[in-house]
Structures are given as C-alpha cells and as structure tokens.
Amino acid sequence: MSRDNCNPFAGGEVPPCSEFLGNSNPIIKDGELIFANDNRLFFFISTNSAINNTNNNCSFGNSNVETNLQISLATYLIGVYINEVELGNIQHSSKNTIHNDEAANNFINETLKNMPKVTVDYTPSLNMVISNHNAILPLYTNTINISPLNYYILFILNRLEQDPGLFFGNNAYVSDDPINFSLASLALRFPLE
C-alpha cells in the first residue's frame, strides 16, 4: 500500500443502520461488506495522583486526578531505555546515540550523567495503548511506572519534537509509524448478498 493512496476503503458506503447509529463499521465497497480495523497504536506519558501519594496534594476528596499526554514511538522507546538504565538492567554510556537530534541527545546524556532528584506528588507512567478514538475502552494497555525524572525528560523531548499532532493529550491523532500502516490495512471482507 503506497502512502499516496492511504485509504483502501475510499468510495465505500456506510450501511444505513450503521450510519444512523454513528458507526463507520462496516462499509460496503465493490460488492463486499468490509469490517475495517480501526485500532491503532498510541503512546502516552501519564500521571496518577492516587498511587503512592502520601501527601494527597493532588487528590480532591475521594477523586483521583490523571493526565495523559500523547508522545511519539521514538520518545516512548527512549523512556523504556531510561527506565532500564534507572533500574540498573542496562549500563548507560554517553557514547550511545539515544536521540538523532544532537541537542536532545546531549540533554539526555547530561541528565543521566548528573541525575537531579525530582520529587512529585503523583506517580508518572509510560503507556502503550492499542485503541481507536471511538472506543469506550482500549483493546490493550501496557503501563510502566517510571521515575519523575524520566517523565520530565520525555515531556521535554515531546515539546522539542514540535509535532503539532502531539501537543494535546488525546488519542485522535494517529502517528505514521509502520505498525499503524499495518493495522490500517487489516480488514475482514464478506460477499454482500
């Protein structure tokens, strides 16, 4: 599938009942009933005020405050790397290229070399989610609790990327990672009778 023609279902029609219910699945095209895979892969840095919060500065009575900021696949992988370094599972060397932008790479290396102590009243995490923006619940979520330092590094990298699709904390923006192209090409087709 070429990037010039990213919608293999163009020209399809949503059946009247599905359209009435606000559902874009299935569609009818070329005499076939097509159930497209609308799931995509999303990455987030998140905070949760309830877990391990001894001061309860971020909790409001019995409520819990959570935030989610969408990040790129590259930033997610850097977060996994930093987490493994902080856990002692791998050794970090400033000779390693972690980020292809020199300023970002130097920032990460300097921060990991001289790790400042960061104290917060929430639990940060790194999340990988398979879902779609119309879903009530995601199909799959993987959560890695990370350090506040890792969270701030990833937050700064997210801002340095300057990707406008990642400026807001929603999952309606689908990044153009190869896995998302593969997921978009999956569909079930049945003859329309």
**Complete:** Surrounding charge for Pro148, neighbours by C-beta under 13 angstrom, Lys/Arg +1, Asp/Glu -1, total -1
**Asked** Using θ = phi - 60° and the Karplus form 6.51 cos²θ - 1.76 cosθ + 1.60, what ³J(HN,Hα) does each residue of the range 137-154 get, whole Hz, x for Gly and Pro?
**Response** 10, x, 5, 8, 9, 10, 10, 10, 5, 10, 6, x, 4, 4, 4, 5, 4, 5
**Message:** Over the chain, with the other protein chains present, what is the accessible area per residue in square angstrom, probe 1.4 angstrom?
**Reply:** 62
**Asked** Using modelled backbone amide H atoms (1.01 Å from N, in-plane), which distant-in-sequence or interchain residues come within less than 5 Å of Ile146's amide H?
**Response** Ser125, Leu126
**Complete:** Checked against the positive end of the charge dipole of the range 40-176 (+1 on Cβ of Lys and Arg, -1 on Cβ of Asp and Glu, about the Cα centre), the farthest of Asn114, Leu157, His133 is Asn114
**Asked** So, with a 1.4 angstrom probe, what is the percent of accessible area on the chain that is carbon and sulfur?
**Response** 54
**Request:** Report, in debye and to the nearest 20, how large the dipole of the chain comes out about its Cα centre when Lys and Arg carry +1 and Asp and Glu carry -1 on their Cβ.
**Result:** 480
**Item:** Calculated P(r) of the chain - Cα pairs past 26 Å, %
**Value:** 46
**Message:** Normalised radius of gyration for the range 91-193, please: alpha carbon Rg relative to 2.2 N^0.38 Å, two decimal places.
**Reply:** 1.42
**Request:** Using the Karplus curve 6.51 cos²θ - 1.76 cosθ + 1.60 with θ = phi - 60°, work out ³J(HN,Hα) for each residue of the range 171-183 in order, rounded to whole Hz, and write x for Gly and Pro.
**Result:** 10, 7, 8, 9, 6, 8, 7, x, 4, 6, 5, 5, 5
**Request:** Please sort by residue number the trypsin sites (Lys or Arg not before Pro) in the range 102-178 whose DSSP state is loop and whose Cβ has at most 15 other Cβ atoms within 10 Å.
**Result:** Lys117
**Request:** Hey, can you grab everything whose amide H is under 5 Å from the amide H of Leu33? Only 5+ residues off in sequence or another chain; H modelled, so Pro and N-termini drop out.
**Result:** Phe190, Leu192
**Message:** Give me the one-decimal nm value for the distance between modelled label points at Leu21 and Leu192, 7 Å along each residue's Cα-to-Cβ direction.
**Reply:** 1.8
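The values are calculated or read from the model by the stated rules, or taken from the named source; none is laboratory data. Values in this document were obtained by computation on a predicted structure and should not be read as measured data. All Cβ positions, glycine included, derive from the backbone under ideal geometry; neighbour counts span all protein chains shown. Ligands, DNA and RNA are stripped out before the accessible areas are found, and what is left, the full protein with its side chains, is counted by its heavy atoms. Shrake-Rupley method; radii C 1.70, N 1.55, O 1.52, S 1.80 Å.
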